[in-house]
Amino acid sequence: MEKKLIQLFFLKDAKSIDDYDRNTEGDIKKRGFVFVDYSQIDSGLVDEVKSFGVICTTDYLSDWESLSKEEYKQKKDDVLKSYLDQLEKEYPNIKDYIEFAEVSTAKTVQRYLKTPSGTAYGFAPTQKQFFRIPQIRSKKLKNLYFVGAWVIGGGFTPAILSGGMCADEILRG
C-alpha cells in the first residue's frame, strides 16, 4: 500500500489576508498551525510501526524572551496541550499514541542556531549571501558537508537547494 504524506492546515476563520495576519500575531495557543506526518515518507526517522509528526506555527522571540524559566516551561506545556487538543479533534484519540512530544520555540532556535530573533530559516537572504560561492564541503574535515539556510542564504528554498548542491558535491567525490 502506498503511503501518502499527511499535511493538515489549521487556520480558523481566515477569510482575508488581514485575518491571516491577525492569526499569526495573536495568542500563540490560538494561532493556526500545520501538522505533517513524516512517517508517511521513508525518512528513516522511526521504525515502520511508528510515526513521526510535526506541528509548526508562526512564532516570535518576543513571545518567550521575557519569561522566567518556570513561566517559559509552563507556556511551552500550555502551547503543546492546546495544539494537541486541536489535533485530537481531527484525529480522535491521537494523544493516546504519542510517546514523546517537545516544543521548540524561537528562543530555542536562537539558542542553538544563533539566528537573529530565533528565525528558523537563517539570516535574511541578502545580495552578499547570494553572490558568493557557497561552501558545501569543509576545508578542514574530510567528508564533512554543509546544508541548510546558512549555506546559500536564509529561507526555505535556499535550504532545500543546498541539499541538492551537497548531493552533487558528494557524487563528484
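Within segment 32-49, the set of residues being of a type in the set (D, E, K, R) and farther than 19 Å from TYR91 by Cβ comprises ASP42, ASP47, GLU48. Filter segment 141-163 down to the residues that are of a type outside the set (Val, Ile, Thr) and modelled with pLDDT under 80, then identify the one that is surrounded by the fewest Cβ atoms within 10 Å (Cβ to Cβ). It comes out as PHE156. Could you check, for segment 76-92, whether at least one of its residues is within 30 Å of ILE152 (Cβ to Cβ) and not assigned by TED's automatic domain parsing to the domain that holds THR157? Looking for residues that are within 30 Å of ILE152 (Cβ to Cβ) and not assigned by TED's automatic domain parsing to the domain that holds THR157, one finds none in segment 76-92, hence no. Please tell me if VAL46 is closer than 30 Å to ASP168 by Cβ, outside any helix (DSSP H, G or I), in the same structural domain as ASN23 (by TED's automatic domain parsing) and touching a residue at least 24 places away in the same chain (Cβ under 8 Å). No: the conditions fail for VAL46. Quick one: is GLU71 acidic (Asp, Glu), more than 17 Å from the chain's Cα centre (by Cα), loosely packed, with under 12 Cβ neighbours inside 10 Å and under 26 Å from SER117 (Cα atoms)? Answer is yes for this residue. Counting only residues that are without any contact (Cβ under 8 Å) to a residue 24 or more places away in the chain and either in contact with a strand residue (DSSP E or B) (Cβ under 7 Å, 6 or more places away or on another chain) or more than 21 Å from SER82 (Cα to Cα) (or both), segment 54-67 holds 3 of them. Could you tell me whether segment 96-114 includes any residue that is part of a loop (DSSP other than H, G, I, E, B), in contact with a Pro (Cβ under 9 Å, 6 or more places away or on another chain) and within 24 Å of TYR38 (Cα to Cα)? No; the residues of segment 96-114 include none that is part of a loop (DSSP other than H, G, I, E, B), in contact with a Pro (Cβ under 9 Å, 6 or more places away or on another chain) and within 24 Å of TYR38 (Cα to Cα).
Among the residues making up segment 75-95, those that are of a type in the set (S, T, N, Q) and either part of a helix (DSSP H, G or I) or at negative phi (or both) are SER82, GLN86. For segment 63-74, the candidate set comprises residues that are part of a helix (DSSP H, G or I) and in contact with a helix residue (DSSP H, G or I) (Cβ under 8 Å, 6 or more places away or on another chain); within that set, the residue that is modelled with the lowest pLDDT is ASP63. Here LEU87 passes the criteria (1) more than 20 Å from ALA149 (Cα to Cα); (2) loosely packed, with under 14 Cβ neighbours inside 10 Å; (3) hydrophobic (A, V, I, L, M, F, W, C) except the one numbered (2).
The values are calculated or read from the model by the stated rules, or taken from the named source; none is laboratory data. What you see is a predicted model; the values in this text were computed from it and never measured. Backbone-built Cβ (ideal geometry, glycine too); neighbour counts: all protein chains shown.
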